[in-house]
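One structure is given here, and the rest of the page talks about it.
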Amino acid sequence: MTIDEYILQHIDPEGEYLHALYRDTHLKLLYPRMASGHLQGRMLKMFVRMIRPRQVLEIGTYSGYSALCIAEGLPEGSLLHTFEINDEQEDFTRPWLEGSSYADRIKFYIGDALKRVPELGLTFDMVFMDGDKRKYVDYYEMALSVLSPGGYILADNTLWDGHVLEEHPRASDLQTLGIQAFNDLVAQDERVEKVILPLRDGLTIIYKK
C-alpha cells in the first residue's frame, strides 16, 4: 500500500456521483489529470466548510469535479460561479453539473473569466483558480479586485510538476513561466498572507488582509 492509498482509505469517500464523473472524465476527455480527484475534492469541500463563503468564484471548470465538491460544502443560500473558457467542454460538463444534487448552488458560465467576472458586479469570499497557467498573474489581480477583505484564493498547480525549480525555462514554455511569475508575485505581495501546500501539484492558499 502506498501513502496515497492509505490517505484515501482514511478520509471521507468521494461518493458515487463524483466517482462516476471521475471515471467518465478519464474515458471521454483528453486531459483527465486536470480533474481534482478524491483527495483534493474532499479538501476543497473542507475549506468551504471552514470559510463558509456566500459567493465563490471558480476559474476553470473543466469536467466539473471541483465545482461539485465546492458546491457540496456550501452553506444554505450560497452560490458558486464557475467559468470555463473552452466552449467545447460545455456538452460534457453542463449535464454533470445540472444533474447533480447541488445544481441550485452552481452557476456555470462559458467564457473568459477575466472579462466576464468584473461584469457580474459581485464580491466573492473565496476563489479557486485552476485556469490557464499562462494567465495566472492576470487571474490573481482580477480575483483580488473582486475578493472581500478576509477572503481566500486557492490557486492550483503552483508547483507544476517541479518545473518551478527550473532556473531557465524554455522561452516557449509559457505555462511554467506563468506559474513562476505568479509564485514570485504572491511571495512578495504584502496585500496577502500565503502558504503553499505540497498536495498533488501544489496548492497555494492566499488570504486577503
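Of the residues screened, Glu72 is not one that is within 16 Å of the chain's Cα centre (by Cα) and closer than 17 Å to Phe124 by Cβ.
When Lys133, Lys115 are checked against the criterion of being charged (D, E, K, R) and buried (at least 19 other Cβ atoms within 10 Å of the Cβ), Lys133 stands alone in meeting it.
Of all residues assigned to the range 126-147, none qualifies as being more than 18 Å from the chain's Cα centre (by Cα) and either over 28 Å from Lys209 (Cβ atoms) or modelled with pLDDT of 95 or more (or both). When each of Val186, Val137, Val195 is tested for being of a type in the set (Val, Ile, Thr), without any contact (Cβ under 8 Å) to a residue 40 or more places away in the chain and either under 24 Å from Thr61 (Cα atoms) or in contact with a Ser or Thr (Cβ under 7 Å, 6 or more places away or on another chain) (or both), the lone residue that passes is Val195. Is one or more of the residues making up the range 8-24 crowded, with 20+ Cβ neighbours inside 10 Å, at pLDDT 95 or above, of a type in the set (Gly, Ala, Ser) and not in a loop (DSSP other than H, G, I, E, B)? No: the range 8-24 contains no residue that is crowded, with 20+ Cβ neighbours inside 10 Å, at pLDDT 95 or above, of a type in the set (Gly, Ala, Ser) and not in a loop (DSSP other than H, G, I, E, B). Close Cβ contacts (under 6 Å, 6 or more residues apart or on different chains) running from residues in the range 35-64 that are under 19 Å from Lys107 (Cα atoms) and modelled with pLDDT of 95 or more to residues that are among the polar types (S, T, N, Q) and assigned to a helix (DSSP H, G or I) comprise Leu44/Ser66; Thr61/Thr93; Ser63/Thr25; Ser63/Thr93; Gly64/Thr93.
Hey, does the range 77-95 have a residue that's in contact with a Lys or Arg (Cβ under 8 Å, 6 or more places away or on another chain), surrounded by 17 or more Cβ atoms within 10 Å (Cβ to Cβ), within 25 Å of Asn183 (Cα to Cα) and aromatic (Phe, Trp, Tyr)? For the range 77-95, residues in contact with a Lys or Arg (Cβ under 8 Å, 6 or more places away or on another chain), surrounded by 17 or more Cβ atoms within 10 Å (Cβ to Cβ), within 25 Å of Asn183 (Cα to Cα) and aromatic (Phe, Trp, Tyr): present.
Filter the range 85-125 down to residues that are touching a residue at least 40 places away in the same chain (Cβ under 8 Å) and in contact with a Leu (Cβ under 7 Å, 6 or more places away or on another chain), then give me how many there are. Total satisfying the criteria: 6.
Suppose the filter is under 19 Å from Ile205 (Cβ atoms) and at pLDDT 95 or above; does Tyr102 pass it? Taking the combined requirement at face value, the residue does not satisfy it. Kindly indicate whether Asp138 is outside any strand (DSSP E or B) and either out of contact with any strand residue (DSSP E or B) (no Cβ under 6 Å at 6 or more places or on another chain) or of a type in the set (Asp, Glu) (or both). Yes: the conditions hold for Asp138. Within the range 42-56, is even one residue closer than 19 Å to Ala113 by Cα, buried (at least 19 other Cβ atoms within 10 Å of the Cβ) and touching a helix residue (DSSP H, G or I) at 6+ places or on another chain (Cβ under 7 Å)? Checked the range 42-56: at least one residue is closer than 19 Å to Ala113 by Cα, buried (at least 19 other Cβ atoms within 10 Å of the Cβ) and touching a helix residue (DSSP H, G or I) at 6+ places or on another chain (Cβ under 7 Å). Screening the range 141-170 for residues that are of a type in the set (Asp, Glu) and either touching a strand residue (DSSP E or B) at 6+ places or on another chain (Cβ under 8 Å) or assigned to a loop (DSSP other than H, G, I, E, B) (or both) and picking the one that is nearest to Asn86 (Cα to Cα) gives Asp156.
The values are calculated or read from the model by the stated rules, or taken from the named source; none is laboratory data. Source: prediction; values computed, not measured. For neighbour counting, all protein chains shown are included, and Cβ atoms are generated from backbone atoms with ideal geometry for every residue, glycine included.
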